[in-house]
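The values are calculated or read from the model by the stated rules, or taken from the named source; none is laboratory data. As the structure is a prediction and not an experimental result, all values here were calculated from the model. Every residue, glycine as well, gets a Cβ built from its backbone with ideal geometry; the counts of neighbours run over all protein chains shown. Ligands, DNA and RNA are excluded from the accessible area calculation, which covers all protein heavy atoms including side chains. Shrake-Rupley method; radii C 1.70, N 1.55, O 1.52, S 1.80 Å.
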Amino acid sequence: MIISPDNYLFDLDGKYRWTPKRVKAAWDRARADLSDAVRWSEPSKVIVVCGIPASGKSTWIRENREPNTVYFDACLDLPWKREKILRLIQNAAWDHYKATNQDGREHVGPRFELVWCNTTPTRAHRWNENRSKDRRVPREIIDKMASYFSANRPNGKREGFDAMKTVYRD
């Protein structure tokens, strides 16, 4: 299962429509769907995939899909954003355990992993140009998010994830 706020920004005609109001609603829905997926599907692993826009996150997921795994695909450019998603996932896993543990067994929930698609802004700009016009992210946004990642490099263990993988996509 792949959950991404971007998936909720397409209208009924299949056009990607970005507005602040739609983005907030998309994130609300993505967080709710992520929580439900962890709470009710009993995944063995939850992988949060982060990186600047057009860094290859969705491509990496398509190329590396594993069974019984929930993927969350979003930029998550700052540590507090990644930590907020991790807390949501952990709470959903704990809620599942409390709701289903009738025999006092030890809590064994999913592994929480972080994948960072570390792509240069130059490469992201090229990939961004290959997107349909409605999906293109302004260059200044890619550059701004790249500077956030540069100053706040993801550190999965320090941020509370069980494991982290950095994927160099250049």
Residue hits (the stretch 107-130; open to solvent by 60 Å² or more (accessible area, probe 1.4 Å) and outside any helix (DSSP H, G or I)) are 107, 108, 111, 130
Name the residues in the stretch 59-101 that are hydrophobic (A, V, I, L, M, F, W, C), at pLDDT 90 or above and part of a helix (DSSP H, G or I), would you?
60, 61, 80, 85, 86, 88, 89
Residue count, the stretch 1-13, condition assigned to a helix (DSSP H, G or I), touching a residue at least 60 places away in the same chain (Cβ under 8 Å) and open to solvent by 50 Å² or more (accessible area, probe 1.4 Å), comes to 1
Of the candidates 36, 28, the one satisfying the condition of being in contact (Cβ under 8 Å) with a residue 24 or more places away in the chain, assigned to a helix (DSSP H, G or I) and either open to solvent by 30 Å² or more (accessible area, probe 1.4 Å) or out of contact with any strand residue (DSSP E or B) (no Cβ under 9 Å at 6 or more places or on another chain) (or both) is 36
Look through the stretch 136-152, keep the residues that are out of contact with any Leu (no Cβ under 9 Å at 6 or more places or on another chain) and in contact (Cβ under 8 Å) with a residue 24 or more places away in the chain, and return whichever of them is farthest from residue 57 (Cα to Cα).
141
Take the conditions closer than 28 Å to residue 141 by Cβ, modelled with pLDDT under 90 and open to solvent by less than 50 Å² (accessible area, probe 1.4 Å) and apply them to residue 16. Does it pass?
yes
Restricting the stretch 131-143 to residues that are part of a helix (DSSP H, G or I), out of contact with any Phe, Trp or Tyr (no Cβ under 8 Å at 6 or more places or on another chain) and open to solvent by 50 Å² or more (accessible area, probe 1.4 Å), which is farthest from residue 66 (Cα to Cα)?
140
So, in the stretch 39-58, exactly how many residues are open to solvent by 50 Å² or more (accessible area, probe 1.4 Å) and modelled with pLDDT of 90 or more?
1
